[in-house]
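Taking it in order: structure first as structure tokens, then the write-up.
The values are calculated or read from the model by the stated rules, or taken from the named source; none is laboratory data. Since the structure is predicted, the reported quantities are computational estimates derived from the model, not experimental observations. So basically every Cβ, Gly included, is an ideal-geometry build from the backbone, and we count neighbours across all protein chains shown.
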Amino acid sequence: MLPARYVVTGRTVETADSVTLRLEPLERPIPRFQPGQFTMLYARGVGEIAVSISGDPSVVDSALTQTVRAVGAVSRALHDAKPGTVVGVRGPYGVGWQPSLAWERDVLVVAGGVGLAPLRPVVLTVLAQRWRYRRLIVVAGARTPREFLYSDELKWWSSRDDLALELTVDHAADGWTGQVGFVTQPLARLPLDPAATTAFVCGPEPMMRFSAETLLRRGVPADRIRISLERNMKCGIGQCGHCQLGPLLVCRDGPVVDYARAAELLSVREL
Amino acid sequence: MDAFGLDGLDELVRALIADGHRVIGPRRRDDAIVLDDVTGVADLPSGWGVEVAPGRYRLHRRGDDALFRHSAGPQSWKRFVHPPRRKLWETTDVGFAAAPDDERRLAFLGVRGCDLAALGVLGRVLGARSRPFIVAVDCTEPGGLCFCASTGTGPSVGPGYDLALTERLDDTGHWFLADAGSEDGERILAAVTRRPATADEVAGALRDVTAAAGRMGRQMPALDLRQLLHDSRQAQHWNDVAERCLTCGNCTMVCPTCFCTTTEDVTDLTGDHAERWEHWASCFEVDFSYLHGGSVRTSAASRYRQWLSHKLGTWHDQFGESGCVGCGRCIAWCPVGIDITAEVAALAAERSGDDVDV
Amino acid sequence: MTPPTLAVWKFTSCDGCQLTLLDCEDELLTLAGAVRIARFTEASSAISPGPYDVSLVEGSITTPEEAERIREVRAQSRVLVVIGACATAGGIQALRNFADVEEFRSLVYASPQHIGTLATSTPISAHVAVDYELRGCPIDRRQLLEVLSAFLVGRKPDLPDASVCTECKRRGLTCVMVADGTPCLGPVTHAGCGALCPAYRRGCFGCFGPVQDPNIAALTAQLRACGLSEEAIDRAFRTFTHFRQETAT
Amino acid sequence: MSHRARQLRVSALARVEGEGALNVVVRDGSVERTELRIYEPPRFFEALLRGRAHTEPPDITARICGICPVAYQLSACHAIEDACGVTVPEPVEALRRLLYCGEWISSHALHIHLLHAPDFLGYPDAITMAADHRDAVERGLALKKVGNALLEAVGGRAIHPVNVRVGGFYRAPTRAELAPVAEQLTAVLYLALATVRWVAGFDFPSVELDHELLAVHEDHRYAITRGRLVSGDGLDFPVSDFSSHVVEHQVPHSTALHASLDGRRYLTGPLARYSLNHAQLSPLALHAAAEAGLGPSCRNPFRSIVVRAVEIVYAVEEALRLISEYEPPEPAHVDVPPRLGVGHGVTEAPRGLLYHRYGIGADGLLTSAVIVPPTSQNQAAIEADLHALVTANLALPDSELTPLCERAIRNYDPCISCSAHFLDLTRSPA
Ligand SMILES: Cc1cc2nc3c(=O)[nH]c(=O)nc-3n(C[C@H](O)[C@H](O)[C@H](O)COP(=O)(O)OP(=O)(O)OC[C@H]3O[C@@H](n4cnc5c(N)ncnc54)[C@H](O)[C@@H]3O)c2cc1C
Ligand code: SF4
Ligand code: SF4
Ligand code: SF4
């Protein structure tokens, strides 16, 4: 399980603490990814962490797009990686969103903070194969207006009429005229066809739980709500044991799982 | 089946070494039977027995010269197939390089049924790494903490060995019954001076091994443990264990199937050279479940629950079998003697509404 | 790129922990190239003024002057690493915290009125914020090098908050408590030494201090079972570091 | 310069272990006061030992000094064994001597190469010195490393070894564990000789001191861990008489307790050992000493660096001999049941005599503890040296005289951390 060497060829600053990196293989590329899968990114001498792939799955090249938020040493090192820096990449790992589960259905994407990163490939997949899906609704939340990832892309999304975009922030500022509040607020009032909706939810764990509960109350079936779990990961391939959540090895059986499966696990404290 | 004496066993060890193996077997060191390199019968703990109880392990001299009649010691074979610390890779500007493997194939001498099962479990979790040559030994003398009969992993050795021995001490002397379980096993056995065993001898050995099943010091309650642990997520009993548990992690370290690891990144002071190492970790460590901002499992109760639930319950979900092979190590080597079989019984009692009494 | 600066400070201590830096015989000259040792009075009479990128602080606070001086050190240090049981827990001299210092003073000194000491010996963290703690009496050389090399590449140093038992077992040692009935504080003691004492068939005496949330009560019961008297148990938990001792029943 | 008060001050002595300051006051052309001030805060070891078990002093007193913990551990062991009427068997004592050799090698190598040599060659520290004398610094580190390897193999770790206990050791190292150390020792023997030659070539101010000398002595070997006490004037007494000969008292001009030997100022440490036990050195060490120009006695404190280097040669050789004869003692310790009484212990720490005395109660708890470390014994001699040195060099400007004084202090490698006994007097300014 040696990493492949990739070199940073692009670095886009997203927010005060997040960047999107474009990585290109120096030698062998890793296999193609599915939306929602992640890689283990290695910053030399600093460490290795799980990072979702946030690029466009329909683009056929060997480059990887990954968005990193600096929260600790390894993510800081990756965040600070200048073009030309060589990093190690293993993957892609895990079970992804599987957008095909939403063929012929309404797609509801719910993202909190950097949770938008793993969901971006879902949105891009739906847009690329628009005919396969019914409505596409994207609800994204951030703490402040400055903390939205992909702000240019969001503008483009909001200008489209085949995509309904709802943005909300916890704290308004900078002349924000949009919604203020938790993502559950738009979720509670959006026009939905619950039985025909498949929801893809990613963000901090409480946010995912509240969102899923709101959707359940609105009648979206639990096995049509997919969330992406986060647990400590050291190996990414089910051998280090860190990422267990009850019966799940999150790296292998997830990170994306149905809420039908996750609900009872997330309700137990310190599981 | 074949039979040979102590000299035959010595020949066996030498044949394995001559065949390029590093032979690991039981040895006496520091008041315990440990696993280490052996070069012949003289290295084996002749005449040493072991008496075990929860949190207690004592060597004693036996009345005979038995070599393999001692309960599970402080180590398991795990440390050789899944080393406590190993280098994953090293990297310079030029690329990543895997750490070189030791060329020599390992041979394990004296693997009991429980431990043979454990090697199988470990192999199914970690995937194929190089497989050692296994000389298994049937158990005719279970210890006070053994419960392999109730986990279905002993006292006779199951499949997966290259050679299986039964140690016999009777009026004809000290000898071994041997059975080859693989072509490799047959090849090595051929190098040993031996004779065919009689039907009586084979039957006598079988009788003793079968009888051993009735003398286990412990027993795992015969329940659907996966279901029990699933039902016990919110049990009160976890708090009771937490009062006694030191969260020191000894149980996970001595367990022959606990496989969890963590990683270390190592650099030299010049920063030119970086390495990544893996070492055994334990779900009892607070940092084990660390996510940015804090650990998921901080209470002792939740950490013990994770261990027991994984071992006996969710292991089935993840790998299709139990993680417990009934060797009793976790009971002996827990410094405060927490007894996995008793805790399971207490959880079962709590579920059925009985009084919890450990 | 100018190398980061390193300063070494001493408070009330035995010098053993800072000596550990000089004990890195193989790395010392490389280290002196990777960082600029700007202040280390035990080893050099040249002192460069602060601020310093990394300060290693040895010793506990036992005088009013020291309580003052540690603030100045903190103010001049970007990263402050406290080294050793004295600096992280008060050290052996913190035994005075449980006794009458006046009596201690008069026992040792002819003119006790001249000895300006505080009634307690306290860890550095009781006075200023610290960035990393290196445990041990003395600290472990590999851990010291880990902190320094981690600092140089921007890594979080690997100082696991696990029990000595995990190291003991990884090392393949036989537990002295289970196999010999020898009292051992390993289960509640912070890893880092590599299970040194059990390797010499001796019980750990806790020189790396407690792990997070040690179950002292449970171990106390076990120490009793090993034959230690209540007084001996008290002493065991109060020597080079001090374990919060719950009343065990 | 007369009629004026002249003060030489060094507020933080560098390259000594612990924290100390120097204050010399010259008035009307003569030296009024020389004070080696110790501002190491007291740690009350003697007080905190009371009420501890009789098994604890080796570990606890080790923490007095991180540079010579073995000395503390073994003086403590001997004192307690003495109180309990136990003598450890010779093989155990030999293992102690082996451990002690590790400490001598390590401590002397540290002092010579990293702390003292920069004085002679004009550098602020060994790291700066390494730019021009890398070989010498690397040689020092290599020697120190071997000393530490020996300490680790026998004691478990180099600083505050864990393997020492009253009655012997917790576990005797195996021959296999010592074999690699023996290899390393063999490999550095020539380095040790090179160090003697190197330091012998330094410039030494010519000074002869007249202090009484005191050292532990054994007839058949260079005394380290046990023996009688002998002085240059022919005193010869057992360890148990230490406190009737050595008295600590306060003197008017100084702030520290001064020890005196039958009322006289005296010196312990390498110079005393060398001069009193010269005949017991090994042939190789004697040869190295002769080559370095040392006679059968040495009374120039500046040359103590040469004596230390000779002692490294001796300790390396002696360690090799001990390892070659080594059989792990079984058991590694004898039982030392407590009994009511008082015991004395003295060993030769790298810096000189280290004396421990304990009173033990019938319950096995300590009733009293007295520790007299070498630096406090040498304090009076150090100040006397400074007095003589300043008097002889009054013509020098402060900028030269002050460093000379510092060097004079470093001759003694004072280990101020062992300040079990020092006073910290708050004084009014001169
Ligand atoms: C499947 C998955 C996908 C992820 N995708 C992204 C992404 O696209 N962008 C992004 O910025 N972050 C993502 N993360 C989170 C990212 O892995 C953590 O932020 C990162 O591990 C923090 O490491 P650190 O060393 O910087 O921080 P520290 O806080 O110093 O963490 C130290 C160590 O703890 C562990 N750890 C800490 N936090 C986490 C965590 N949240 N998840 C797993 N292990 C953790 C890691 O082993 C880490 O090296 C993802 C996590 C998972 C599990
Ligand atoms: S922690 Fe121990 S070794 Fe370090 S300075 Fe304090 S007493 Fe000395
Ligand atoms: S000897 Fe001590 S540290 Fe080692 S496992 Fe036993 S209790 Fe833990
Ligand atoms: S085992 Fe315990 S007492 Fe011994 S060195 Fe390690 S932490 Fe210190």
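What are the pairs, 6+ residues apart or on separate chains, where a residue within region C:198-211 that is at positive phi has its Cβ under 9 Å from a residue that is within 16 Å of ligand 2 (Cβ to nearest atom) and among the charged types (D, E, K, R)?
What qualifies is C:209/C:133; C:209/C:135.
Which one of these does residue B:115 not meet: (1) under 17 Å from the mean Cα position of the chain (by Cα); (2) in a loop (DSSP other than H, G, I, E, B); (3) among the charged types (D, E, K, R)?
For residue B:115, the failing item is (2).
Can you pull out every residue in region B:279-296 that is in a strand (DSSP E or B) and either within 16 Å of ligand 4 (Cβ to nearest atom) or in contact with an Asp or Glu (Cβ under 8 Å, 6 or more places away or on another chain) (or both)?
Across region B:279-296, the qualifying residues are B:279, B:291, B:295.
Somewhere in region A:142-153, is a residue modelled with pLDDT of 90 or more and over 21 Å from the mean Cα position of the chain (by Cα)?
no
Using the structure shown, decide if residue C:199 is within 11 Å of chain B (Cβ to nearest Cβ), closer than 19 Å to residue D:159 by Cα and more than 16 Å from ligand 1 (Cβ to nearest atom).
The answer is yes for residue C:199.
For region B:259-275, how many residues are among the β-branched types (Val, Ile, Thr) and more than 9 Å from chain A (Cβ to nearest Cβ)?
1
For residue C:211, state whether it is more than 16 Å from ligand 2 (Cβ to nearest atom), over 25 Å from residue B:53 (Cβ atoms) and facing chain B (nearest Cβ under 10 Å).
yes
Can you pull out every residue in region A:66-122 that is among the β-branched types (Val, Ile, Thr) and in a strand (DSSP E or B)?
Across region A:66-122, the qualifying residues are A:67, A:68, A:86, A:87, A:89, A:95, A:107, A:109, A:110.
In region C:186-196, which residues are crowded, with 24+ Cβ neighbours inside 10 Å and within 10 Å of another protein chain (Cβ to nearest Cβ)?
C:186, C:187, C:188, C:189, C:191, C:193, C:196
Can you name the condition, by its number, that residue D:103 falls short on among (1) closer than 30 Å to residue D:399 by Cα; (2) within 17 Å of the chain's Cα centre (by Cα)?
(1)
Only one of these is in the same structural domain as residue B:7 (by TED's automatic domain parsing), of a type outside the set (Phe, Trp, Tyr), surrounded by fewer than 16 Cβ atoms within 10 Å (Cβ to Cβ) and within 22 Å of the chain's Cα centre (by Cα): B:210, B:166, B:172, B:198. Name it.
Step by step, each of B:210, B:166, B:172, B:198 is checked, and only B:210 is in the same structural domain as residue B:7 (by TED's automatic domain parsing), of a type outside the set (Phe, Trp, Tyr), surrounded by fewer than 16 Cβ atoms within 10 Å (Cβ to Cβ) and within 22 Å of the chain's Cα centre (by Cα).
Results for (1) assigned to a helix (DSSP H, G or I); (2) closer than 28 Å to residue A:1 by Cβ; (3) at the interface with chain A (Cβ under 7 Å from one of its Cβ atoms), shown as yes or no for each residue.
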{"residue": "B:256", "(1), (2), (3)": "no, yes, no"}
{"residue": "B:303", "(1), (2), (3)": "yes, yes, no"}
{"residue": "B:315", "(1), (2), (3)": "yes, yes, no"}
{"residue": "B:344", "(1), (2), (3)": "yes, no, no"}
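Please determine whether any residue of region D:97-106 is buried (at least 20 other Cβ atoms within 10 Å of the Cβ), touching an Asp or Glu at 6+ places or on another chain (Cβ under 8 Å), at the interface with chain C (Cβ under 9 Å from one of its Cβ atoms) and part of a helix (DSSP H, G or I).
no
Just checking: which of the helices (runs of 4 or more DSSP H) contained wholly in region C:1-105 hold 1 or more residues that are on the phi > 0 side of the Ramachandran plot and either more than 16 Å from ligand 2 (Cβ to nearest atom) or not assigned by TED's automatic domain parsing to the domain that holds residue C:243 (or both)?
C:84-89
In region A:237-256, which residues are more than 9 Å from chain B (Cβ to nearest Cβ) and in contact with a Ser or Thr (Cβ under 8 Å, 6 or more places away or on another chain)?
Across region A:237-256, the qualifying residues are A:254, A:255, A:256.
The rows are residues; the columns are (1) over 28 Å from residue D:230 (Cβ atoms); (2) at pLDDT 95 or above; (3) of a type in the set (S, T, N, Q).
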position: D:288; (1), (2), (3): no, yes, no
position: D:324; (1), (2), (3): yes, yes, yes
position: D:331; (1), (2), (3): yes, no, no
position: D:337; (1), (2), (3): yes, yes, no
position: D:344; (1), (2), (3): no, yes, no
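For region C:18-44, what are the residues that are more than 7 Å from every other protein chain (Cβ to nearest Cβ) and in contact (Cβ under 8 Å) with a residue 40 or more places away in the chain?
Selection gives C:18, C:21, C:24, C:35.
Consider only pairs whose beta carbons are under 7 Å apart and that are at least six residues apart or on different chains; among these, list those whose first residue lies in region A:87-107 and is closer than 30 Å to residue A:46 by Cα and whose second residue is among the aromatic types (Phe, Trp, Tyr) and not in a strand (DSSP E or B).
Matching pairs, first to second residue: A:92/A:33.
Go through region C:45-67 and count every residue that is surrounded by fewer than 20 Cβ atoms within 10 Å (Cβ to Cβ) and more than 7 Å from every other protein chain (Cβ to nearest Cβ).
Residues flagged as surrounded by fewer than 20 Cβ atoms within 10 Å (Cβ to Cβ) and more than 7 Å from every other protein chain (Cβ to nearest Cβ) within region C:45-67 amount to 9.
With the condition kept exactly as written, say whether any residue in region D:345-354 is over 28 Å from residue D:66 (Cβ atoms) and either under 26 Å from the mean Cα position of the chain (by Cα) or not small (Gly, Ala, Ser) (or both).
No, because not a single residue in region D:345-354 is over 28 Å from residue D:66 (Cβ atoms) and either under 26 Å from the mean Cα position of the chain (by Cα) or not small (Gly, Ala, Ser) (or both).
Just to verify a result, which residue in region A:54-75, among those that are near ligand 1 (Cβ under 8 Å from one of its atoms) and either of a type in the set (A, V, I, L, M, F, W, C) or surrounded by fewer than 18 Cβ atoms within 10 Å (Cβ to Cβ) (or both), is farthest from the other protein chains (Cβ to nearest Cβ)?
If we take residues in region A:54-75 being near ligand 1 (Cβ under 8 Å from one of its atoms) and either of a type in the set (A, V, I, L, M, F, W, C) or surrounded by fewer than 18 Cβ atoms within 10 Å (Cβ to Cβ) (or both), then A:68 is farthest from the other protein chains (Cβ to nearest Cβ).
Restricting attention to region C:115-170, which residues are within 16 Å of ligand 2 (Cβ to nearest atom) and within 14 Å of residue B:264 (Cα to Cα)?
Within region C:115-170, C:142, C:143, C:147, C:159 meet the criteria.
Do we have residue A:126 as part of a helix (DSSP H, G or I) and of a type in the set (Val, Ile, Thr) here?
Yes.
Out of all the residues in region D:140-187, which are within 16 Å of ligand 2 (Cβ to nearest atom) and hydrophobic (A, V, I, L, M, F, W, C)?
Matches in region D:140-187: D:151, D:158, D:159, D:162, D:164.
Can you go through D:216, D:251, D:230, D:313 and tell me which one is modelled with pLDDT under 95, in the same structural domain as residue D:188 (by TED's automatic domain parsing) and either in contact with a Phe, Trp or Tyr (Cβ under 9 Å, 6 or more places away or on another chain) or among the hydrophobic types (A, V, I, L, M, F, W, C) (or both)?
D:251
In region B:85-103, is there at least one residue being within 17 Å of the chain's Cα centre (by Cα) and over 16 Å from residue B:280 (Cα atoms)?
no
Restricting attention to region C:173-185, does a residue exist that is in contact with a strand residue (DSSP E or B) (Cβ under 8 Å, 6 or more places away or on another chain), more than 12 Å from ligand 3 (Cβ to nearest atom), facing chain B (nearest Cβ under 7 Å) and of a type outside the set (Phe, Trp, Tyr)?
no
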